[in-house]
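J.: One structure is given below, represented as structure tokens, and several questions about it will come after.
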Amino acid sequence: MQATGFGFTMPVYTIVHLLTSRTAAGPRSPALSEAIRISDLNMVRVLPAAIFFGYIIPTILMVMPMPWNELHQWLGGLWQGFPVSVVLIQYLLASKRRRRDAEASLPHHPPASAHDSTGAREMSALLRVYSLSFAVSAISHWATIAVLVSRWLLPSWFPPHLCDCLPFSKVFMPPLFWVPGTMVSMAEGIHNFFQYDLYVGAVASFVWVTALNVNTFGPPRSWRWWLSAFEQIVAQSVVAGPGGALVSLLVPAARSCRCCGAATSWCLGDNDYSTVDRHLNFPLYAVQG
């Protein structure tokens, strides 16, 4: 993704996943749902911490004002390696947790309760990851909105060149790519590229998550499902950004679904799309494997 961009990587990933993953190929049975298990639960449990230390902290350091340009450039270079740093930190934390779990499983320790099932532990770990993803997306989204609203309400707080760069139209609406024109500056050209990069990747993500649901439960019986899906995507994108909307569609609403047996799989009855119309519950197990 560092070399090709989100707008290229996400469509390729989603196409490959939908064509090659057995969990995304068609209607699922409870037996397959039960068979899908996370091979190393500790890797999932430590992922939020690995993302925090390997990605969020380098991102904050990169965007903070620095007294020396050289230091700012080094921090920018450090941020470029976040895919590697996140994985390395994840492996280190998971190894430490495995050692701790091995010590906790000694004979003098009481056995885990019946409620502490494998499925429940998997769901708990997955929900932490999804919660972090939703929080990061929502915070980033509203931080951007706050800056734009501040510029609109209190323009005297911003230098003139920033006031010219921060209207909603310039931030969110790129120029039409099929209309010929001259690039005003390198910075504006890069910004326009990132706008299209985000929109193309976001559309691919929403098509992917919708395809997962349709492949899992069969085609909807009503146009109301498609309208409801579109409304939810738009509403969640406004509230928490495209990333938050994607996460909210991946995580099923446990209180309004019936479980198929595995804690990471959810069913909606006999293709009960009236339930889907109201809740748009997408299966977690469809995105595993």
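The values are calculated or read from the model by the stated rules, or taken from the named source; none is laboratory data. Just so you know, these numbers come straight off a predicted model, no measurement behind them. Neighbour counts run over all protein chains shown; Cβ positions are idealised from the backbone, glycine included.
J.: Looking at the range 214-227, is at least one residue in contact with a His (Cβ under 9 Å, 6 or more places away or on another chain) and either modelled with pLDDT under 85 or within 21 Å of A138 (Cα to Cα) (or both)? Write out each step before concluding.
T.: The initial filter retains those residues of the range 214-227 that are in contact with a His (Cβ under 9 Å, 6 or more places away or on another chain), namely none.
Taking every residue of the range 214-227 in turn, none turns out to be in contact with a His (Cβ under 9 Å, 6 or more places away or on another chain) and either modelled with pLDDT under 85 or within 21 Å of A138 (Cα to Cα) (or both).
J.: Please work out which residue is modelled with the lowest pLDDT, limiting yourself to the range 133-171 and to residues that are of a type in the set (F, W, Y) and more than 29 Å from A245 (Cα to Cα). Break it down into steps so the answer makes sense when it comes.
T.: Of the residues in the range 133-171, the ones of a type in the set (F, W, Y) are 134, 142, 152, 157-158, 168.
Keeping just the survivors that are more than 29 Å from A245 (Cα to Cα) gives 157-158.
On the way: W157: 83, F158: 80.
Taking the candidates together, the pick is F158.
J.: Looking only at the range 138-166, which residues are in contact with a Lys or Arg (Cβ under 8 Å, 6 or more places away or on another chain) and closer than 21 Å to S237 by Cα?
T.: L166
J.: Right, something else. Only one of (1) surrounded by 14 or more Cβ atoms within 10 Å (Cβ to Cβ); (2) of a type outside the set (S, T, Y); (3) in contact with a Leu (Cβ under 7 Å, 6 or more places away or on another chain) fails for N215. Which number is that?
T.: (3)
J.: Next question, about the same structure. Would you tally the residues in the range 13-38 being modelled with pLDDT of 70 or more, touching a helix residue (DSSP H, G or I) at 6+ places or on another chain (Cβ under 9 Å) and in a helix (DSSP H, G or I)?
T.: 6
J.: Here's a follow-up. Let me spell it out: the conditions are (1) over 24 Å from the mean Cα position of the chain (by Cα); (2) without any contact (Cβ under 8 Å) to a residue 12 or more places away in the chain, and L92 meets all of them except one. Which number is the exception?
T.: Of the numbered conditions (1) over 24 Å from the mean Cα position of the chain (by Cα); (2) without any contact (Cβ under 8 Å) to a residue 12 or more places away in the chain, the odd one out for L92 is (1).
J.: Could you say whether any residue in the range 72-87 is at pLDDT 90 or above, crowded, with 16+ Cβ neighbours inside 10 Å and assigned to a helix (DSSP H, G or I)?
T.: Taking every residue of the range 72-87 in turn, at least one turns out to be at pLDDT 90 or above, crowded, with 16+ Cβ neighbours inside 10 Å and assigned to a helix (DSSP H, G or I).
J.: Is there any pair with a first residue in the range 163-174 that is within 11 Å of H191 (Cα to Cα) and a second that is outside any loop (DSSP other than H, G, I, E, B) whose Cβ atoms are under 6 Å apart and which are 6 or more apart or on different chains, and what are they?
T.: Short answer, once both residue conditions are applied: P174/N192; P174/Q195; P174/Y196.
J.: Taking S133 as the residue in question, decide whether it is part of a helix (DSSP H, G or I) and surrounded by fewer than 14 Cβ atoms within 10 Å (Cβ to Cβ).
T.: Considered against the rule, which asks whether it is part of a helix (DSSP H, G or I) and surrounded by fewer than 14 Cβ atoms within 10 Å (Cβ to Cβ), S133 comes out as no.
J.: Being assigned to a loop (DSSP other than H, G, I, E, B) and either modelled with pLDDT under 90 or under 18 Å from A125 (Cβ atoms) (or both) narrows it down to one residue among P48, P65; which is it?
T.: P65
J.: Scan the range 193-252 for residues that are at positive phi and under 16 Å from the mean Cα position of the chain (by Cα) and report the count.
T.: 1
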